[in-house]
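Here the structure comes first, spelled out in structure tokens, and everything after it is commentary.
The values are calculated or read from the model by the stated rules, or taken from the named source; none is laboratory data. Model, not experiment: these values are computed from the prediction. Using ideal geometry, Cβ is built from the backbone for each residue, glycine included, and neighbour counts are taken over all protein chains shown.
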Amino acid sequence: MTDLEKLLGEYRLVLGLEIHLHLKTKTKMFCYCDAKIYDSAPNSHTCPVCLGLPGALPIPNFEAVRKTQLLGLALGCSLNEHTRFDRKHYSYPDLPKGYQISQYQQPFCESGFIELSSGQKADIERIHLEEDTAKSMHKVDKTLIDFNKSGMPLVEIVTKPTFKTIDDAVEFSKRIQDAIRILGIADGDMEKGQMRLEANISLRTTEMEREGKIPTYKVEIKNINSFKFMEKAVKAEIIRQRGLLENGSQPIQENRGYDEDKNLTISQRGKEDAHDYRYFPEPDIPPMVFDEDYFEQLREELPELPSKIKTRLVSEYSLSVKNADFLTKGQGLELLNRFEELCSNNLEPEKVANLLINKQEYRELSSQDFIKKMQETNSKSIDSADLDEIIKSVVQENSGVVSQYKLGKISVIEFLVGQVMKKSKGTADALVVRDLLIGRLK
Ligand SMILES: [Zn+2]
């Protein structure tokens, strides 16, 4: 039984995500203010439009529109030919004009998906574009507002209540981060607030799950700024909702925040329904119409995405699936171009990948130096019969550690790898040694 199943008891998790991303554009969403706002002095990037002054007219940033549509294509969405912006009304100090320009009925992109490594398909409901609000900083006796963030182009990806585990939701978010970086449309740095998550959580019985029924309530956890934070917040909320359900009461629909110190979620406000926002078409921006020729151009522009690259690395370079996987997600993506460039010099791809992935010092070398160093090391590298001999002796000399390993303490393998590396005076490849050891200890 997994930790999550223990937490859930008789219940099953229903989880959906809203992911907000700052797009990387030259200017803000509806004005010409410079969008490089990070680390700049408060209120240094503002104008009448993004300050929300009366009478200021918004002009949509087409670069942001195009980047949103590219993201939609990358995530398998259909792109709408007819779209428009809407006003979403609510009152908050960081939104002085009393409404946010967003999209409601005709977003740019609808119904996409990502296939996750668990085999689950994560369904995306929509992707729309809006303006970000300003930032409030609460002090003891006052609230200060910085308008630099106000009017930043903000993409929102809304999933269906599609995730059954927290791991799937985290993987989905990481895959989005990889996709936006490959597309070059956003950086998704969570520490800078360029990527923010909200999680919609409810619990249902196994019977409801079988019948495909979704609970009538959902609780939204706001302002999630790291994957670790998401995991902790969702777990805390599961415990709270399960407690209520087991006592026969129904959790109410609301927004909650997560208090990391207390490991509890705390009620913030009742969750609005769409009609509370009194959406209506933004009268200052005409509806937009796109044709098939334009969509075809976008499709041609779409770069190769991680899942495709992974398949190609295995077929084109005969790379191991493990290394292909590493080079097509997270930090590994930063090594991908380097890998392909080096392989064009007729080097052995698997070796190049191992060096780039495992040896920091190789990453900084020029291609010429890389090739030189690789050839030098190759000539020094150990003969496989000698290596077998060393492995055999290390296994014999460390029978205590070996039996711990066989009893399930897998981590001690690293100790054995270390011993072999020592005896081979560093001429063996640690990954190869680990595989050989695992094979021998089976
Ligand atoms: Zn502005």
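Looking for something buried (at least 16 other Cβ atoms within 10 Å of the Cβ), under 28 Å from residue 109 (Cα atoms) and among the charged types (D, E, K, R) - is there at least one such residue anywhere in the stretch 307-317?
Yes, the stretch 307-317 has at least one match.
Pairs only if they're at least six apart or on different chains, beta carbon under 7 angstrom, first in the stretch 59-70 and touching a residue at least 40 places away in the same chain (Cβ under 8 Å), second of a type in the set (D, E, K, R) and in a helix (DSSP H, G or I); list them, first residue then second.
Taking only residues 6 or more apart or on different chains, the pairs are 70/301.
Would you check which residues across the stretch 13-34 are crowded, with 16+ Cβ neighbours inside 10 Å and over 22 Å from the mean Cα position of the chain (by Cα) and list them?
Pass one, the stretch 13-34, residues crowded, with 16+ Cβ neighbours inside 10 Å: 13-25, 27-31, 33.
Hits for the stretch 13-34 are 27, 28, 29, 30, 31, 33.
Buried (at least 18 other Cβ atoms within 10 Å of the Cβ), aliphatic (A, V, I, L, M), in contact (Cβ under 8 Å) with a residue 60 or more places away in the chain and within 16 Å of the ligand (Cβ to nearest atom): is that true of residue 129 in this structure?
No.
When the stretch 139-160 is examined, which residues are found to be closer than 25 Å to residue 85 by Cα, in a strand (DSSP E or B) and more than 16 Å from the ligand (Cβ to nearest atom)?
Correct list: 155, 156, 157, 158, 159.
From the residues in the stretch 72-128 that are part of a strand (DSSP E or B) and among the acidic types (Asp, Glu), which one is modelled with the lowest pLDDT?
So the residue we want is 115.
Take the stretch 360-410 and flag every residue that is assigned to a helix (DSSP H, G or I), among the hydrophobic types (A, V, I, L, M, F, W, C) and either within 40 Å of the chain's Cα centre (by Cα) or surrounded by 13 or more Cβ atoms within 10 Å (Cβ to Cβ) (or both).
Selection gives 370, 371, 374, 387, 390, 391, 394, 395, 401, 402, 410.
Yes or no: residue 16 at pLDDT below 95 and either within 16 Å of the ligand (Cβ to nearest atom) or assigned by TED's automatic domain parsing to the domain that holds residue 127 (or both)?
On the way: at pLDDT below 95: no; either within 16 Å of the ligand (Cβ to nearest atom) or assigned by TED's automatic domain parsing to the domain that holds residue 127 (or both): yes.
It is false that residue 16 is at pLDDT below 95 and either within 16 Å of the ligand (Cβ to nearest atom) or assigned by TED's automatic domain parsing to the domain that holds residue 127 (or both).
Among the listed residues 64, 41, 56, identify the single one that is small (Gly, Ala, Ser), within 28 Å of the chain's Cα centre (by Cα) and either assigned to a helix (DSSP H, G or I) or within 16 Å of the ligand (Cβ to nearest atom) (or both).
64
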